[in-house]
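Let me begin by presenting the structure, written as structure tokens, before commenting on it.
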Amino acid sequence: MQLVVFGPEREWWVPGRVWDRLFQSVEATPPPDEVLYWFRVTDANNGIDLDEDLEPELRPGFVATIRQAAQRELALVGDVDPQDGEDGMYRSALERLLELIANDDEGRQANQSAE
């Protein structure tokens, strides 16, 4: 299992094979070295807590990279039924990831407005 924690009660848990597939997409169009480093740390440690492990200035690059990879992968997988084997599970996991990222973006914008 792999885990990406976006904040309290905002966690993306996926089987290793889902992460491996997404990680291959990240490596295919590598982000800046310091962001790629944290993807490799995430891979080696089976997860990352973005608030605890990542320096705040690297978070936007990490999130943008994982968002772009998920969007590319969704386009490649196409419109498959969530119950349709590996591709269906992969699609569902990517959709959940993008949902968490959208909620993360909205929450961060609201926090900035309140300050």
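On the given criteria, is Ala64 surrounded by fewer than 18 Cβ atoms within 10 Å (Cβ to Cβ) and either free of Cβ contacts under 8 Å to residues at least 60 places away in the same chain or not in a strand (DSSP E or B) (or both)?
On the way: surrounded by fewer than 18 Cβ atoms within 10 Å (Cβ to Cβ): yes; either free of Cβ contacts under 8 Å to residues at least 60 places away in the same chain or not in a strand (DSSP E or B) (or both): yes.
Here the answer is yes, as Ala64 does meet what is asked.
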Residue satisfying condition, being free of Cβ contacts under 8 Å to residues at least 40 places away in the same chain, surrounded by 14 or more Cβ atoms within 10 Å (Cβ to Cβ) and either more than 10 Å from the chain's Cα centre (by Cα) or not in a loop (DSSP other than H, G, I, E, B) (or both), within set Leu22, Leu54: Leu54
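For Val77, are the conditions met, namely being out of contact with any helix residue (DSSP H, G or I) (no Cβ under 6 Å at 6 or more places or on another chain) and either hydrophobic (A, V, I, L, M, F, W, C) or farther than 21 Å from Met89 by Cβ (or both)? Let's see the steps before the verdict.
Numbers: out of contact with any helix residue (DSSP H, G or I) (no Cβ under 6 Å at 6 or more places or on another chain): no; either hydrophobic (A, V, I, L, M, F, W, C) or farther than 21 Å from Met89 by Cβ (or both): yes.
No: the conditions fail for Val77.
Do you know which residues across segment 73-86 are loosely packed, with under 15 Cβ neighbours inside 10 Å and either assigned to a helix (DSSP H, G or I) or at pLDDT 85 or above (or both)? Quick ask: steps written out before the conclusion?
The first filter runs over segment 73-86 and keeps only residues loosely packed, with under 15 Cβ neighbours inside 10 Å, leaving 75-76, 78-79, 81-86.
Of everything in segment 73-86, those that are loosely packed, with under 15 Cβ neighbours inside 10 Å and either assigned to a helix (DSSP H, G or I) or at pLDDT 85 or above (or both) turn out to be Ala75, Leu76, Gly78, Asp79, Gly85, Glu86.
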Just wondering, is there one or more residues in segment 64-73 that are closer than 21 Å to Gly16 by Cβ and more than 11 Å from the chain's Cα centre (by Cα)? yes
Only residues that are farther than 21 Å from Arg91 by Cβ, of a type outside the set (D, E, K, R) and in a loop (DSSP other than H, G, I, E, B): list them for segment 25-51, please. Pro30, Pro31, Pro32, Asn46, Leu50
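For Arg67, indicate whether it is of a type in the set (Lys, Arg), closer than 18 Å to Asp43 by Cβ and modelled with pLDDT of 95 or more.
Values: of a type in the set (Lys, Arg): yes; closer than 18 Å to Asp43 by Cβ: yes; modelled with pLDDT of 95 or more: yes.
Taking the combined requirement at face value, the residue satisfies it.
The values are calculated or read from the model by the stated rules, or taken from the named source; none is laboratory data. The structure presented is a predicted model; accordingly, all values stated were derived computationally and were not measured. For neighbour counting, all protein chains shown are included, and Cβ atoms are generated from backbone atoms with ideal geometry for every residue, glycine included.
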